[in-house]
């Protein structure tokens, strides 16, 4: 398993939690807002949580094995009705994630709504075509 994040603190925490759980992980520090590449696969599963990734969708498809899964959880513009952050540049427009994903993936599950964390998230599970 590989965990990628911009934050060295977050990566350290991931390593600590993996050690406690008895799980082996690799960590990669990368800034996906500015770098145009995700860590190279092939991957069976890519999970993206709270990072605006529209510019990486086609690369994620390329890095997944056939039948590989992509899971994305990211706030939408509706989130701004209750919260000023993250700002609009980091949010999907309502319905945008599904529209962007459908030409590249088989969308297995898609939902937009308020989460238990009080974020208005788009949640998608998709499979490489």
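The values are calculated or read from the model by the stated rules, or taken from the named source; none is laboratory data. Treat the numbers as computed from the prediction; the structure is a model and nothing was measured. Don't worry about glycine lacking a Cβ; one is built from the backbone with ideal geometry, like all the others, and counts go over all protein chains shown.
This table checks each residue for (1) closer than 25 Å to residue 92 by Cα; (2) touching a strand residue (DSSP E or B) at 6+ places or on another chain (Cβ under 8 Å).
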{"position": "13", "(1), (2)": "no, no"}
{"position": "23", "(1), (2)": "no, no"}
{"position": "34", "(1), (2)": "yes, no"}
{"position": "39", "(1), (2)": "yes, yes"}
{"position": "58", "(1), (2)": "yes, no"}
{"position": "65", "(1), (2)": "no, yes"}
Selection count where residues are surrounded by 14 or more Cβ atoms within 10 Å (Cβ to Cβ), out of contact with any helix residue (DSSP H, G or I) (no Cβ under 6 Å at 6 or more places or on another chain) and modelled with pLDDT of 95 or more, scope the range 78-93: 4
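Determine, yes or no, whether residue 9 is at pLDDT 90 or above and in contact with a helix residue (DSSP H, G or I) (Cβ under 9 Å, 6 or more places away or on another chain).
Spelling it out, it is not the case that residue 9 is at pLDDT 90 or above and in contact with a helix residue (DSSP H, G or I) (Cβ under 9 Å, 6 or more places away or on another chain).
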Qualifying residue in the range 95-118 (condition: within 21 Å of residue 6 (Cα to Cα) and surrounded by 13 or more Cβ atoms within 10 Å (Cβ to Cβ)): no
Hits in the range 26-51 (condition: within 14 Å of the chain's Cα centre (by Cα) and surrounded by fewer than 18 Cβ atoms within 10 Å (Cβ to Cβ)): 30, 31, 33, 37, 39, 45, 47, 49, 50, 51
Count - residues of the range 104-127 that are over 27 Å from residue 85 (Cβ atoms) and touching a helix residue (DSSP H, G or I) at 6+ places or on another chain (Cβ under 8 Å): 3
